[in-house]
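The values are calculated or read from the model by the stated rules, or taken from the named source; none is laboratory data. Treat the numbers as computed from the prediction; the structure is a model and nothing was measured. Neighbour counts run over all protein chains shown; Cβ positions are idealised from the backbone, glycine included. The accessibility values were calculated without ligands, DNA or RNA, using every heavy atom of the protein model including side chains. Shrake-Rupley method; radii C 1.70, N 1.55, O 1.52, S 1.80 Å.
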Amino acid sequence: MGGRKGGAGEEPALRHLSLGWLIAQLGQRVVSVEGAPAGLDVPVRDPVIYDAVSPPFAEPGDLVLAIGVAAGSADAAEVLRWAGSRRASAVVFKIGAEGVPEALRAAAVAAGPALVALRPETAWDQFYALVRRITASSADLPSGGEEAAPVGDVFALANAIAAMVGGAVVINDPQLQVLAYSNLDDPIDETRRLSILGRRPPEELIRRLREEGVLRRLLHSNEAIRLPEWTGTSPRIGVAIRAGKEVLGFIFVAQGKAPLGEGAEQTLLEASRIAALHLLRLQSSKDLERRLRSDLLRGVLEGRGSVDLLASRLGLPATGAFTVIGFEFDPAQGWGDDDGDEDAARLRRSRVRDLVLVQSEALRRRAATATLGSVVYTLLPGSEPLPPARLLALANDVIDQAQRAHDTSLVAGIGSTVSRLGDVAESRQDADRVLRLLKTTLAGRRVATISQVRAHAFLLELKEIPSVQPHLARGKVAALVASDTENGTAYAETLRAYLDALGDVVMAAKQVHVHRNTLRYRLKRLCELVDLDLDDPTERLVAQLHLRLLQD
């Protein structure tokens, strides 16, 4: 990262973005180069998806993704020939354990583009998004920008930006957690001191940034902006660090020994583009690993993923003790749209997911999280089952912190503990049953384990059976309910009160607010109406279950 931009009208030279540099940013855990006839110092542009039916428009240097093309097929050689005719920088194939076919290597040599192998556990959409993020953040990086601070060293980056702009720098992540700060002997005001010590700006300052629209301006602006005076005793400017449309974090600069000049905003904007490269490099391997783990867990939770891959990625044995907890945004609150601000809503959701993961990892180091719909699931693996009290404490801690720190209400369903990693889908289903009960029958409670609500869950399962076998919902009780609806009577209510009271007429009469003789008359009348025999234990059991299924 060099000094300030030169005189008026001068433009910084753009750094040469090469295939070798891109491969280095992706890392060996994601891709490997299996052949490069033209070398790796060739320009690389955007990723494009090859479609044999309707080949895409491609420019020289584009990275061709051979999605759905088997490496050992005749189509693979055709993709390489097509890419060579467009002077593409490389073609990416997903290569399994069998390795790269020699015929494919030969076809790559003949065609010209580099042959790149994508690891089988990496999803194509993840790879595409990662390449787009890296190329978008690096397309306008000034030449020499990488040398001033080692890529990924955000403290060195903060010092370099401080030298460029002429002020004290703090770099924050999208949740405003402090990632790094400069230490070039600049003055430290109270806001900066509290932010560094607390690893996050004071909550009152964050609240005001949101309420007065400063955070929204930063999120939506492509420029550096001057911040209001109340953000600190020293004048400040801030800018969002972007990779394409994605916000990776923020840079805040407080005035140092000299005033922030007129060109400070433009200098800081240029610095944010360099910072994007550093943050991407810092995050890419960690984010990709977490995303791969999340995708693997998502598949296993749905009963379709590879348990062996999940075990390998998490470093887990096939047997042990595994519990799934589901956290869902309170139905009364929903996901929260923050008054229509989708960027702010996305930040809220991201914070909750991070909160669940951090709290889970504190309890089980190899915990993993995945989001399905509106539910954030966490898998807690271990050699021994966690006591129910520990699971409840974890869920309550997450709920409390989400409410306190993010003004977000959650409910939590704790599934059963299973002894095989391959059975975690069952634990997830139990967690889902609890969540459904917390939204319906048990509305008002915020957390429960499946063992605490097993009876309610059993009825919940029974209620789903008639949708598959409708005849099971028919019978004497259904006829009684239909008669009540048609004639305005209350026989079904009377029967339920009697059965719930275990045949105690006095207690049942109090429940429906009638005299016990009236209740006896109604029982006699309803039994005659639908030919119900209350002396038969089986009839009583089926009648009570049907009443629950039809009325709850």
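Couplings for the range 423-432, taken from phi via the Karplus curve 6.51 cos²θ - 1.76 cosθ + 1.60 with θ = phi - 60°, read 9, 5, 4, 5, 5, 5, 4, 5, 4, 5 Hz in order; Gly and Pro are left as x. Let me know the shape class of the range 53-117, please: from the alpha-carbon gyration tensor, a ≥ b ≥ c as square roots of the eigenvalues, rounded when a/c is under 1.5, otherwise prolate if a/b is greater than b/c, or oblate. Cα axes put the range 53-117 in the prolate bin. Once the Cα-Cα distance is subtracted from the 0.36 nm per residue extended length, the Trp124 to Asn222 segment shows a gain of 32.4 nm. Close amide H contacts of Ala243 (hydrogens built in the peptide plane, cut-off under 5 Å, sequence separation of 5 or more or a different chain): Leu248. Relative to the current alpha-carbon distance between Ala24 and Arg199, full extension at 0.36 nm per residue lengthens the span by 59.9 nm.
Annotation: per residue accessible area for the range 158-235 equals 48 Å², rounded to a whole number [probe 1.4 Å, protein chains only]. Couplings for the range 187-202, taken from phi via the Karplus curve 6.51 cos²θ - 1.76 cosθ + 1.60 with θ = phi - 60°, read x, 10, 8, 5, 4, 5, 4, 5, 5, 5, 5, x, 6, 5, x, x Hz in order; Gly and Pro are left as x.
May I ask you to derive the FRET efficiency for Leu545 and Glu361 from their Cβ-Cβ distance with R0 = 60 Å, giving the value to the nearest 0.05? The computed FRET efficiency comes out at 0.90.
Between the amide H of Val42 and those of Leu19, Gly20, distances stay under 5 Å, these residues lying 5 or more places away or on another chain, with hydrogens modeled in the peptide plane. Rounded to the nearest 20, the size of the Cβ-charge dipole of the range 509-552 about its Cα centre is 400 debye, with Lys and Arg at +1 and Asp and Glu at -1.
Distances between placed amide hydrogens fall under 5 Å for Ala90 paired with Val64, Ala114, all partners being 5 or more residues away or on another chain.
Placing a label point 7 Å from the Cα of Thr489 along the Cα-to-Cβ direction, the residues of the range 496-523 whose backbone N falls under 16 Å of that point are 496-498, 518-523.
Based on the convex hull around the alpha carbon atoms, the range 418-552 presents an average projected area of 10.5 nm². For the range 469-552, which whole percent of the accessible surface, found with a 1.4 angstrom probe, sits on carbon and sulfur atoms? The nonpolar share, carbon plus sulfur, comes to 51 percent. The distance between label points at Asp500 and Ser306 comes to 5.3 nm (points 7 Å beyond Cα on the Cα→Cβ vector).
Karplus-based coupling profile of the range 412-421, in residue order and whole Hz: 10, x, 9, x, 6, 8, 10, 9, 10, 4, with θ = phi - 60° in 6.51 cos²θ - 1.76 cosθ + 1.60 and x standing for Gly or Pro.
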